[in-house]
Amino acid sequence: MKLTVIGGGGFRVPQIFQALSAGDARLRVEELWLHDVSAERLDVIGRVLEQLAGELPRPPRVHTTTDLDAALRDADFVFSAIRVGGSAGRITDERTALRLGVLGQETVGPGGLAYALRTVPHALRLAERIAAQAPRAWTINFTNPAGILTEAMRTVLGERVVSICDTPIGLMRRAATGVGRDPRTVDFDYVGLNHLGWLRTLVVDGRDVLPELLASDERLDAIEEARLFGFEWVRALGAIPNEYLFYYYLHREAMARLTGDEPTRGEYLDAQQSRFYARAAAAPEHALELWDATRHERESTYMNESRPPQERHGRRAEDVEGGGYQEVALDLMTALATGEAATMILGVGNDARGDGSLLVPQLTPGAVVEVPCTVDRDGVHPRAIAPLDGEMAGLITTVKASEQLVLAALEQGSRELAWRAFANHPLVDSIAVARQLVEDYCAAMPDVAARLH
């Protein structure tokens, strides 16, 4: 079996390699192909994998290349993990928004829309090459903003592209553990968009035990999301939100922390990873040691702005348990390849049940939503979810409208539609600011400016 990672020089690729190489992995991947536009980054990550291989029971053979078609040819699975513009592009996304007094974050709000403007054309070209070189491959999209990118790629690849994110399934697993249950033995209801969703039920032996979880301070204290939003708020909602809703529900607090003296997340990662790649290139015999130290630092500071000061530089162990992207991806691949059914939360088309129904009736058929899915050899089967109404429906429909206006702006080459996309987003509070955001992003990104007239 051949797995291709597009963005194969990325920092998190060794975690994928570790998951594939585990002795208890139920899926055997013989060939791992890594593609990147940077031969230097590929070389560093290749060194890390070489040093990891000696301590792993079943490492696949690794090939690195800058030739996209060679990497894709006859692949069984493709991971899309690209970052168009690199970390410098992320800094532009964040700082441009913050200078205008609105949220500067990688995937949420105007920063996420800017990231999509820059990345969608490349994602579409990648989808076209996958269709030509590996038409039967399943494409698993890691690239943010995952919902918008997957929605665009579905126009080329249809149901054979899905997006994954570890935050929703991590939330469910923490909640199940909070009631003393193995996550594999519970049923649940989750609905949302990428980085915007809610765990609404947790069913054990036919009974929803989420209300019991919400009623207990002791149990909620073990759940990072509950501590983040406050116990009163999750009880008022009757649901536990995805952690990225911090930027909506505690927007003022988020802005106060992001506009302080500390670097943005993009600036932090740019400095951290630049050091790592430079040091590993200079001392390749220490590549694994350097990568491991950098990974620990990166994980411990994830979403720092959302946590109280005492937790800023050392997350609780239970908050980082339950597997990351690589574990979710491996579970998905295993179910598709072996038929060993699994349940997970995936980004799929709103019409993906195939019976004419819509998972979220308020959205268009092609909209990508995140819902629980059963996966087996026959594909990805979204489960029916409870009706969506009230403030949850309102937020989802508004944000999805902004995402789809961005896609329309790129398809039609319309700067006016891009302006509307930014102005419609609930985290942009002025049409004048929305217009300035578009102009400033276009000034910083000539490729985007050339597409939008």
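For this structure, a couple of remarks:
- With N counted as the residues of the stretch 1-119, its alpha-carbon radius of gyration over 2.2 N^0.38 Å works out to 1.24.
- Euclidean distance between Cα centres, the stretch 7-73 to the stretch 409-427, Å: 38 Å
- Highest mean first, the peptides 76-83, 35-42, 244-251 sorted by other C-beta atoms within 10 Å per residue fall in the order 76-83, 244-251, 35-42.
- 13 Å cut-off, amide nitrogen to a point 7 angstrom out along Arg252 Cα→Cβ, residues in the stretch 387-411: none
- Positive-end ranking of Thr301, Leu202, Gln412 along the dipole of the chain, with charges on Cβ about the Cα centre, is headed by Gln412.
- Evaluated at q = 0.15, 0.21, 0.22, 0.33 Å⁻¹, the base-10 log of the normalised Debye intensity for the stretch 11-56, with identical point scatterers placed on the Cα atoms, takes the values -0.39, -0.73, -0.79, -1.35.
- A 1.4 Å probe run over the chain, with the rest of the protein chains in place, finds 40 Å² accessible per residue.
- When only the Cβ of Lys, Arg, Asp and Glu is charged (+1, +1, -1, -1), the dipole of the stretch 182-297 relative to its Cα centre reaches about 300 debye.
- Computed 3J(HN,Hα) for the stretch 274-286, one whole-Hz value per residue from the Karplus formula 6.51 cos²θ - 1.76 cosθ + 1.60 where θ = phi - 60°, is 4, 4, 4, 5, 5, 5, 5, 5, 6, 10, x, 5, 10, glycine and proline marked x.
- Estimated vicinal HN-Hα couplings, Hz - the stretch 33-43 in sequence order (Karplus 6.51, -1.76, 1.60; Gly, Pro = x): 9, 10, 10, 7, 7, 9, 5, 5, 5, 4, 5
- The stretch 220-295 - Kirkwood radius from inverse mean 1/r over Cα pairs (Å): 15.4 Å
- Listed residue (Gly8, Gly46, Val108) projecting farthest to the positive dipole end of the stretch 1-143, Cβ model: Val108
- Sulfur and carbon atoms: percent of accessible area, the stretch 166-309 [1.4 Å]: 50 percent
- Dipole size of the chain about its Cα centre, with +1 on Lys/Arg Cβ and -1 on Asp/Glu Cβ: approximately 660 debye, rounded to the nearest 20.
- Rel. contact order, % - alpha carbon contacts under 8 angstrom, at least six apart, the stretch 153-271: 20 percent
- Here the stretch 26-82 has 45 percent of its accessible surface on carbon and sulfur atoms, given a 1.4 Å probe and all protein chains in place.
- When Glu327, Glu50 are compared by accessible surface with a 1.4 Å probe, the order from highest to lowest is Glu50, Glu327.
The values are calculated or read from the model by the stated rules, or taken from the named source; none is laboratory data. All values reported here derive from a predicted model rather than from experimental measurement. Because the Cβ atoms are built from the backbone with ideal geometry, glycine has one as well, and the counts that use them run over all protein chains shown. For accessibility, only protein heavy atoms count, side chains too; no ligands or nucleic acids. Shrake-Rupley method; radii C 1.70, N 1.55, O 1.52, S 1.80 Å.
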